[in-house]
Amino acid sequence: MLRDSVAIIAPPGAAAATGQAFVGTDNRSSFPHTLTGYPPTAPKSPRQRPPQPPPTAPARVPQTRVGRLASVALAVGELAIGGLAESVRRIGSGQAEAPSAFLSADNARRLAARLARLRGGAMKLGQMISLQGTDLLPPEFAQALAILRAQAAPMPVAQLRRVLGREYGKGWEARFAEFDFEPIAAASIGQVHRVRTTDGRRLALKIQYPGVARSIQSDVDNLATLLHVLKLLPHEVDVSAIAAEAARQLGQEADYLAEATSLERYATLVVDEPRLVVPRVHRDLTTARILAMDYMEGAPLESLAAADVAQETRDAIGTLLERLMFRELFEFRMMQTDPNFANYLWQPETGKVVLLDFGATLRFSAAFVSNYARITRAVIDGDRAAVARHALAIGYATEGDSPELIDATVEMIMLVCEPLRHAGRYDFAGSDLPSRARARGFDLGIRQGLLRTPPPETLFLHRKLVGSFLTLAHVHARVDARALVLPLLNRARFAHS
């Protein structure tokens with residue numbers, strides 16, 4: 001959990017998530033007899049089309065608890081055999097036994113492959129563990145698990161058809177003039193398909209894997225037990241806390257009706273930002289397991305880093321996204337907490353940014369936001385005593401902690417909040433803050449034991465803050481973070497009072 005240590009703006013050091021946007025492929029499938037697939041189209045230019053991850057073969061989603069438990073049991077056997085083989089190899093080569101033989105790249109690849117096929121709560125927990133970073137996990141282990149943040153195995157077409165029949169009823173094909181059976185994207189709990197309805201609407205359907213919603217807790221518990229028994233992770237990683245938060249968050253993400261409501265609510269919150277676009281929900285085709293929304297065209301956000309994009313454009317988009325993040329926390333008290341690049345599209349012709357995927361939307365209490373506003377103000381003012389007081393209120397430290405631990409906590413907060421303390425535009429891409437914070441965090445947290453695990457309720461907020469820093473760095477944006485946040489702080493600081 002050190003990667004999340006004490007964050008206000010962006011505790012750096014985690015790998016950025018990657019994925020696919022709502023831009024279709026050219027491999028079309030079609031309904032027999034009644035419907036045709038999309039006609040072949042000319043390949044999109046690099047600006048229009050996101051980079052494609054290696055193809056993942058379709059795999060049937062285990063639906064029963066027994067079937068899902070059997071998949072975890074197979075993972076146990078594979079990892080045990082892999083760990084034994086690694087131990088033998090080390091003995092033969094005279095290598096030391098630390099770190100654990102289970103923490104090998106081969107074992108990480110085995111685990112990632114198994115979780116990508118299982119999907120659901122187990123894959124979500126694996127994604128969260130992969131975000132711990134190389135300060136807690138061996139680099140090759142973290143890198144192998146990182147594939148879980150790119151693409152899951154999609155459902156076979158036959159299983160997909162059964163899901164559609166269960167949700168829409170017999171004769172569901174009559175609703176659509178075109179249906180692309182090849183998913184645009186496949187993630188931990190569902191996959192996305194492009195369609196055209198019989199009345200001409202071009203939509204993206206987010207379709208949940210069968211059995212995932214009812215197996216979330218058991219999936220997470222089974223994988224957490226596996227990690228404990230095999231001692232796959234260093235003892236500094238609080239697997240229980242991560243598991244509990246993963247189950248809570250995934251339970252929310254699995255409710256597509258709730259996500260539809262969040263999407264509609266979010267659209268009203270950003271109505272005064274004309275350069276932000278939120279897809280419309282289509283309620284007539286939305287169920288608890290299928291979310292129907294506008295199909296949005298656009299380029300991947302990463303294309304902003306291309307050499308032919310003006311620095312002024314990068315700075316403008318970076319400022320737009322950073323202001324949105326601050327408004328989410330301090331004004332809306334509602335945040336889309338998944339900073340995956342695939343959750344944004346850039347429309348070069350209009351300069352607009354499309355916001356996608358509101359499953360991981362969190363709402364914050366007034367007290368929670370007030371504490372963060374106070375500590376942010378203290379950071380900007382350079383008031384270390386006030387930072388310490390507010391760190392105690394948030395839970396980064398406790399009243400019984402030693403002065404050394406509290407000083408270390410304040411030091412890390414001040415360090416990772418460097419963009420806030422910087423006067424003028426901060427060059428995110430040119431900053432070496434991630435490596436400095438990672439090195440200092442490792443020293444204070446691991447070597448000296450002077451940093452506490454952040455409270456579980458901050459986990460997904462930290463994920464967004466980390467991701468925002470990395471996003472701005474990736475697109476080479478220069479942003480005046482202090483100027484953006486200051487107007488929001490006074491109102492948020494005193495809202496709870």
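Remark: region 261-278, residue by residue, has Karplus-estimated 3J(HN,Hα) of 5, 4, 4, 5, 5, 5, 4, 6, 6, 9, 5, 8, 10, x, 8, 10, 10, 10 Hz, where x stands for each Gly or Pro and the curve is 6.51 cos²θ - 1.76 cosθ + 1.60 at θ = phi - 60°. Residues whose amide H comes within less than 5 Å of that of residue 185, counting only those at least five positions distant or on another chain, are 192 (H built at 1.01 Å from N in the peptide plane). Residues whose amide H falls under 5 Å from that of residue 299, counting only those 5 or more places apart or on a different chain, are 346, 347, with hydrogens built in the peptide plane.
Placing +1 on each Lys and Arg Cβ and -1 on each Asp and Glu Cβ, with no other charges, gives region 281-377 a dipole about its Cα centre of roughly 660 debye. The P(r) of region 360-460 has a tail past 17 Å containing 57 percent of all C-alpha pairs. Please report the net charge: other residues with Cβ closer than 14 Å to the Cβ of residue 477, K and R +1, D and E -1. So the surrounding residues net to -2. Each of the peptides 170-180, 324-334 was scored by the mean count of other Cβ atoms within 10 Å over its residues; in descending order, highest first, they stand as 324-334, 170-180. 3J(HN,Hα) along region 424-438, derived from phi through the Karplus expression 6.51 cos²θ - 1.76 cosθ + 1.60 where θ = phi - 60°, amounts to x, 6, 9, 8, 5, 5, x, 7, 9, 4, x, 6, 5, 5, 5 Hz, with x in place of Gly and Pro. Calculated on the alpha-carbon coordinates, the convex hull of region 253-317 measures out at 112 cubic angstrom per residue. Amide H contacts of residue 480 (H built 1.01 Å from N, in plane; Pro and chain starts excluded): 426 sit under 5 Å, all sequence-distant by 5 or more or on other chains. The distance linking region 448-483 with region 356-424 is 11 Å (Cα centroid to Cα centroid, whole angstrom).
Dipole size in debye (nearest 20) for region 350-441 around its Cα centre, Lys and Arg Cβ +1, Asp and Glu Cβ -1? Provide the component values of the computation, followed by the final result.
Details: 11 positive and 11 negative charges, 76 e Å.
I would put it at about 360 debye.
A short reminder: the numbers here are calculations on the coordinates, not readings from a lab. Predicted model, so just to flag it, every value in this text is computed and none were measured. Cβ sites come from the backbone with ideal geometry, for glycine too, and all protein chains shown count toward neighbours.
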